[in-house]
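The structure that follows is given in the form of structure tokens.
The values are calculated or read from the model by the stated rules, or taken from the named source; none is laboratory data. Because the structure is a prediction, the values reported are computed rather than measured. Note: ideal-geometry Cβ built from the backbone for every residue, glycine included; neighbour counts use all protein chains shown.
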Amino acid sequence: TSLTALRDKAGLRAGERLLVRGASGGVGSVAVQLGKALGAHVAGLASAKNSDFVRELGADEVLDHRTTPLAELDRYDVIMDTVGTEHRVLRTRLAPGGRLVSIAFDIDHPVRSIGYLLGSAVHGRQRVRFFSGNPKHDLFAELTAYVERGDLRPVVDTVHPLADIAAAHRALEAGGVRGKHVIQLV
């Protein structure tokens, strides 16, 4: 998802400024690492308790999402949003020619959120891209190469037995995730 978002949808280039909203989560933690591997200056938006973790992933700067109003953020060439809310505000934080890629929408206001994403993708200079990942074998092979070069390390927050899948969902809904939650099938 992160590789498709940054490279294919946003066209992130070396030297550009990237903001990853949800930088400590399962997709965001990968986006931070891939952003650095692609040569971007990476800012991560996460909770204060996860700031050291996000820096360890390679972020050049980390902003506390609880104390940093989105409307006061710097301008970025690319914003990758894993949260799905406040797309209008995020769009104002784009530099000229900037791109916003969102992999989520506001579940409390789905019609309005999806309508805004669709409308923004068609109109305006600062285009918004929304997609749902559909990884193919070639993409996994490419990610393997990033791991083998040391540019990407998988981050697992917690491994849950299949019988505790409800607990895994509760943990994800509570937030504060560091990497992926994995369900062990055996």
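Looking at the range 77-97, can you tell me whether even one residue there is of a type outside the set (Phe, Trp, Tyr), in contact (Cβ under 8 Å) with a residue 24 or more places away in the chain, under 29 Å from residue 141 (Cα atoms) and surrounded by fewer than 18 Cβ atoms within 10 Å (Cβ to Cβ)?
Just the residues of the range 77-97 that are of a type outside the set (Phe, Trp, Tyr), to begin with: 77-97.
Cutting the leftovers down to in contact (Cβ under 8 Å) with a residue 24 or more places away in the chain gives us 77-85, 87-88, 90-91, 93-97.
Okay, now just the ones that are also under 29 Å from residue 141 (Cα atoms), so 77-84.
Filter again for surrounded by fewer than 18 Cβ atoms within 10 Å (Cβ to Cβ), leaving none.
For the range 77-97, residues of a type outside the set (Phe, Trp, Tyr), in contact (Cβ under 8 Å) with a residue 24 or more places away in the chain, under 29 Å from residue 141 (Cα atoms) and surrounded by fewer than 18 Cβ atoms within 10 Å (Cβ to Cβ): absent.
Still on this structure: Filter the range 157-186 for residues that are surrounded by fewer than 15 Cβ atoms within 10 Å (Cβ to Cβ), of a type in the set (Gly, Ala, Ser) and modelled with pLDDT under 85; which is farthest from residue 32 (Cα to Cα)?
This residue is 174.
Please give the number of the condition residue 4 fails out of (1) surrounded by fewer than 23 Cβ atoms within 10 Å (Cβ to Cβ); (2) part of a strand (DSSP E or B); (3) not hydrophobic (A, V, I, L, M, F, W, C).
Looking at each condition in turn, residue 4 falls short on (2).
Do you know which residues across the range 63-90 are under 17 Å from residue 27 (Cβ atoms) and either acidic (Asp, Glu) or touching a helix residue (DSSP H, G or I) at 6+ places or on another chain (Cβ under 8 Å) (or both)? Spell out the reasoning first.
Step one: of the range 63-90, the residues under 17 Å from residue 27 (Cβ atoms) are 65, 78-85, 87, 90.
Result: 78, 79, 80, 81, 82, 84, 85, 87, 90.
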